[in-house]
Amino acid sequence: MNRKISLAIAALVILQVSSIRAAAQEKRLEFTFADLPWTLTIPADDFQLSEKQMRDDGHGIYFYLVDDKQEINLSMFIEPVKNCTDSKSCRDFIWKTGNPEWVNPQNVVQSEIAGVSVLELMVPKFQGMNLRQQNVYAEFVQDGFWVDMHISKVLYKPEEHQLFERIIKSVKFEPKTKPKIGN
């Protein structure tokens, strides 16, 4: 009996170590530009960069990614904080400013996911088409910069909410490593 318990414990330890190694080796996408003291990373999943555009003054950047496998679109603006000061005030600014594509938004929720203020809303139709597009705006403020992340999914089902949560919870701000001068 003790041998069976020992083998079971050994199997669990091996499984746990394998899980830790897999998590440590997770492929991540990196987003940054010259002004930023950090690099924002998210799980790579099946995201493909569809668009990247630097702001005209060079002090902000826009990224647009598509994950056809999960049927998720993710976009983000990264720029110096101007119209808000923290995650909550940025979320409130997004809601107050609005978006012309939000035609009759439904199920509007202002909440937090892992300490990040989010605005969620459903756009049921767009230009007469049944869309059921779930939109989640997650607002990050880090070192004087605002990241306005927008994740959306058409033909959304409530059980897919975890896809949004997982991405938001996985955002990391990794300090840029400065090149060493001399020895």
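A few notes on this one:
- Subset of the range 132-183 (residues that are crowded, with 18+ Cβ neighbours inside 10 Å and either at pLDDT below 95 or not in a strand (DSSP E or B) (or both)): TYR156, LEU163, PHE164, ILE167, ILE168, VAL171
- Per-region count, the range 105-128, residues on the phi < 0 side of the Ramachandran plot and not in a strand (DSSP E or B): 1
- Residue in the range 34-44 that is farther than 20 Å from VAL141 by Cα and modelled with pLDDT of 95 or more present: yes
- When the range 40-50 is limited to residues that are of a type in the set (S, T, N, Q) and surrounded by fewer than 17 Cβ atoms within 10 Å (Cβ to Cβ), the one that is nearest to the chain's Cα centre (by Cα) turns out to be GLN48.
- Annotation: of all residues in the range 51-104 being closer than 16 Å to VAL141 by Cα and touching a helix residue (DSSP H, G or I) at 6+ places or on another chain (Cβ under 7 Å), the one that is surrounded by the most Cβ atoms within 10 Å (Cβ to Cβ) is CYS84.
- Residues being free of Cβ contacts under 8 Å to residues at least 60 places away in the same chain and either assigned to a loop (DSSP other than H, G, I, E, B) or among the β-branched types (Val, Ile, Thr) (or both) - total across the range 51-71: 10
- Qualifying residue in the range 96-117 (condition: of a type in the set (Ser, Thr, Tyr), touching a strand residue (DSSP E or B) at 6+ places or on another chain (Cβ under 9 Å) and in contact (Cβ under 8 Å) with a residue 40 or more places away in the chain): no
- Residue ID - farthest from ARG166 (Cα to Cα), chosen from residues in the range 28-39 that are surrounded by fewer than 18 Cβ atoms within 10 Å (Cβ to Cβ) and among the aliphatic types (A, V, I, L, M): ALA34
- Residues that are of a type in the set (Asp, Glu) and on the phi < 0 side of the Ramachandran plot, drawn from the range 129-172: GLU139, ASP148, GLU159, GLU160, GLU165
The values are calculated or read from the model by the stated rules, or taken from the named source; none is laboratory data. If you're wondering where the values come from, they're calculated on a predicted model, not measured in any experiment. Glycine also receives a Cβ, built like all others from the backbone with ideal geometry; neighbour counts cover every protein chain displayed.
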